[in-house]
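Notes follow the structure.
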Amino acid sequence: MRIENHTLHVATFAGINLHDLTPDLRRLIADSRIRNGFVIVASRHSTTAITVNENEGRLLDDARAFFQNLVPAGGDYRHNDLHLRDVPQGEPRNAHSHILAMLLGSSETLPIADGELTLGRWQSVLLTELDGPRERSVAVQIVGE
């Protein structure tokens with residue numbers, strides 16, 4: 001069994017936005033020459049999430065609107081009481097982003113079969129930015145034979 005570790009870097013936009021990692025993951029898997037195993041995709045940030053879903057513009061618009069309605073940025077959150085916390089200057093009021101990340105999850109583990117990432121026809125692996133714009137990094141571990 002072999003294990004390879006990689007980092008993907010993504011520059012995100014303001015607000016909630018989704019970035020398709022699937023092409024990068026397919027390239028890393030092909031370059032690894034691992035035929036059967038799995039890939040772990042994990043965000044290294046507490047205000048982003050990793051999800052598997054369809055990368056279709058109108059669906060992503062619906063998801064953004066749903067997230068904003070579910071956990072509104074302007075809500076009354078204790079985490080946003082920056083004057084009561086020991087935080088660096090310029091710390092954002094981003095409790096909503098942390099809460100959404102907890103609901104969505106920070107990683108996915110997906111099978112590799114015959115050298116291919118195993119996804120459904122319309123599925124993509126998406127980095128969900130909840131507090132951008134930022135430079136983000138995603139850990140990718142490919143395990144198999």
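Each Cα pair under 8 Å and six or more residues apart adds its separation to the average, and for region 32-114 the resulting relative contact order is 59 percent. Here the Karplus relation 6.51 cos²θ - 1.76 cosθ + 1.60, evaluated at θ = phi - 60°, turns the backbone of region 88-104 into coupling constants of x, 4, x, 4, x, 8, 9, 4, 4, 5, 5, 5, 4, 4, 5, 6, 7 Hz, with x for every Gly and Pro.
Placing +1 on the Cβ of every Lys and Arg and -1 on the Cβ of every Asp and Glu, with nothing else charged, gives region 60-111 a dipole about its Cα centre of roughly 100 debye. When +1 charges are put on Lys and Arg Cβ atoms and -1 charges on Asp and Glu Cβ atoms, the dipole computed for the chain relative to its Cα centre reaches about 160 debye.
Across the options V140, I3, P111, the greatest Cα extent toward the positive end of the charge dipole of the chain (unit charges at beta carbon of Lys, Arg, Asp, Glu) belongs to I3. For I3, the accessible surface of its heavy atoms amounts to roughly 100 Å² (probe 1.4 Å, protein chains only, rounded to the nearest 10).
Working with all protein chains in place, sort F67, F13, F38 by solvent-accessible area computed with a 1.4 Å probe, largest first.
Values: F67 25, F13 130, F38 80 Å².
Accessible-area ranking of F67, F13, F38, largest first: F13, F38, F67.
On a per residue basis, the convex hull of the C-alpha atoms belonging to the chain measures out at 113 Å³. Classification of region 35-118 by its C-alpha gyration tensor yields an oblate form. The axis ratio a/c (a ≥ b ≥ c) is 1.5 or more, and b/c is at least a/b. For the residue pair R134 and R93, what label-to-label distance in nm results when each label sits 7 Å from Cα along the Cα-to-beta-carbon direction? Distance between the two pseudo-spin positions: 1.8 nm.
Mean-square fluctuations from a GNM of the chain, with a 10 angstrom spring cutoff on Cα atoms, peak among H98, H79, H45 at H79. Pair-distance distribution P(r) for region 93-133, from all Cα-Cα distances in 5 Å bins starting at 0: 5, 17, 23, 18, 13, 12, 8, 3, 1, 0 percent.
Scalar couplings 3J(HN,Hα) for region 49-63, obtained by applying the Karplus form with A = 6.51, B = -1.76, C = 1.60 to θ = phi - 60°, are 9, 10, 9, 10, 6, 7, 8, 10, x, 5, 5, 5, 4, 4, 5 Hz; x denotes Gly and Pro.
The values are calculated or read from the model by the stated rules, or taken from the named source; none is laboratory data. Just so you know, these numbers come straight off a predicted model, no measurement behind them. Methodologically, a virtual Cβ is constructed for each residue, glycine included, from the backbone with ideal geometry; neighbour enumeration extends over all protein chains shown. Calculation scope for accessible area: heavy atoms of the full protein, side chains included, ligands and nucleic acids excluded. Shrake-Rupley method; radii C 1.70, N 1.55, O 1.52, S 1.80 Å.
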